[in-house]
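**Q** Have a look at this one.
The values are calculated or read from the model by the stated rules, or taken from the named source; none is laboratory data. For clarity, every value in this text was computed on a predicted model and none was experimentally measured. Cβ: placed from backbone, ideal geometry, glycine included. Neighbour counts: every protein chain shown. With ligands, DNA and RNA removed, areas are computed over all heavy atoms of the protein, side chains included. Shrake-Rupley method; radii C 1.70, N 1.55, O 1.52, S 1.80 Å.
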Amino acid sequence: MSDLRSAPVPPLRDDDHVRNGGEGAPLVVFYGDFACPRCAIEARRLREQGTGVVFRHFALKAKHQRAVALAQAAEAAARQDAFWAFHDALYADQGRIDDPHLWARCETLGLDL
């Protein structure tokens, strides 16, 4: 017989972005694409519930042309301790992820372009 149980939760990595939830909140490993509307909905739901999140990039360039550029921009924001602010801003405004809006968002967050 085959073992059809789920794989164990992968351990935290050095390149993970971790947002702790409320006291006793579960920690969810979230594989996300910043150009994905479904990811945006789920990210907002997790934030509103106070769930802890480990974010890992799952940029699907074949499905979302801007996915890789947005993931790279998020990593640049992370180097300036602004990953979660950038994450939230991208998912809050999925209709404006092209370059002019992306650069304006970086300036609003005070990021070094």
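**Q** If I take the Cα coordinates of region 1-46 and project them onto the principal axes, what are the three extents in Å, biggest first?
**A** 39, 28, 22
**Q** Find out how many positive minus negative residues lie around L27, taking Lys and Arg as positive, Asp and Glu as negative, among other residues whose Cβ is under 11 Å from that of L27. If you can, show how the numbers build up before the last one.
**A** Working: positive: R19; negative: D16.
Charge balance near L27 sits at 0.
**Q** Rank Q65, V18, T51 by how far each Cα sits towards the positive end of the charge dipole of the chain (+1 on Lys, Arg Cβ; -1 on Asp, Glu Cβ) and give me just the farthest.
**A** Q65
**Q** Something else: Ignoring ligands and nucleic acids, what accessible area does H101 show with a 1.4 Å probe (Å², nearest 10)?
**A** Ignoring ligands and nucleic acids, H101 comes out at about 80 Å².
**Q** Now a separate question. Cysteines without a disulfide-compatible partner in the chain, using Cβ under 4.7 Å as the rule?
**A** Flagged as lacking a Cys partner: C106.
**Q** Name the residue, out of L46, L60, L12, whose mean-square fluctuation peaks in a Gaussian network model built on the chain with Cα pairs under 10 Å.
**A** The residue with the greatest mean-square fluctuation here is L12.
**Q** Go ahead and run the numbers for FRET between A62 and D98, Cβ-Cβ distance against an R0 of 25 Å, rounding to 0.05. Don't skip to the answer; put the middle values down first.
**A** On the way: r = 19 Å, r/R0 = 0.75.
E between A62 and D98, to the nearest 0.05, is 0.85.
**Q** Given the options G50, G32, G95, state which has the largest fluctuation in a GNM of the chain using a 10 Å cut-off (strictly under) for Cα springs.
**A** Judging by the Gaussian network model, the answer is G95.
**Q** Related question: From the protein chains alone at 1.4 Å, what is the descending order of accessible area for V9, V28, largest first?
**A** Values: V9 115, V28 50 Å².
From most accessible down to least: V9, V28.
**Q** A further question follows. I'd like the antiparallel share, as a percent to the nearest 5, of DSSP beta bridges with both residues in the chain.
**A** Values: 3 of 9 bridges.
Bridges in the chain are about 35 percent antiparallel.
**Q** Let me ask you something else. Given the -39500 (n - 2.57) contribution per DSSP H run of 4+ residues, what per-residue ellipticity at 222 nm results for the chain, rounded to the nearest 500 deg cm²/dmol?
**A** -12000 deg cm²/dmol
**Q** Here is a further query. Give me the dipole magnitude in Debye, nearest 20, for the chain about the Cα centre, with unit charges on the beta carbon: positive for Lys and Arg, negative for Asp and Glu.
**A** Details: 14 positive and 16 negative charges, 82 e Å.
The calculation lands at about 400 debye.
**Q** Sticking with this one: Taking H as built 1.01 Å from N, whose amide H comes closer than 5 Å to the amide H of V28, not counting residues under 5 places away?
**A** Excluding prolines and chain starts, which carry no amide H, the hits are G52, V53, V54.
**Q** Give me a comma-separated list of calculated 3J(HN,Hα) values for region 81-87, in order, Karplus coefficients 6.51, -1.76, 1.60 applied at θ = phi - 60°, integers in Hz, x for any Gly or Pro.
**A** 6, 10, 4, 5, 5, 5, 3
**Q** On to the next question. Which trypsin sites (Lys or Arg not before Pro) does region 1-93 hold that lie in a coil by DSSP with at most 13 other beta carbons within 10 Å? Could you put the intermediate results ahead of the total?
**A** Numbers: sites: R5, R13, R19, R38, R44, R45, R47, R56, K61, K63, R66, R79; in loops: R5, R13, K61, K63, R66, R79.
Filter output for region 1-93: R5, R13, K61, K63, R79.
**Q** Right, something else. Taking the inverse of the average 1/r across all pairs of different Cα atoms in the chain, what Kirkwood radius in Å do you get?
**A** Details: mean 1/r = 0.0668 Å⁻¹.
It works out to 15.0 Å.
**Q** Here is a follow-up. How far, in degrees from 0 to 90, does helix 37-49 lean away from the longest principal axis of the Cα atoms of the chain, to the nearest 10?
**A** It is inclined by approximately 70 degrees.
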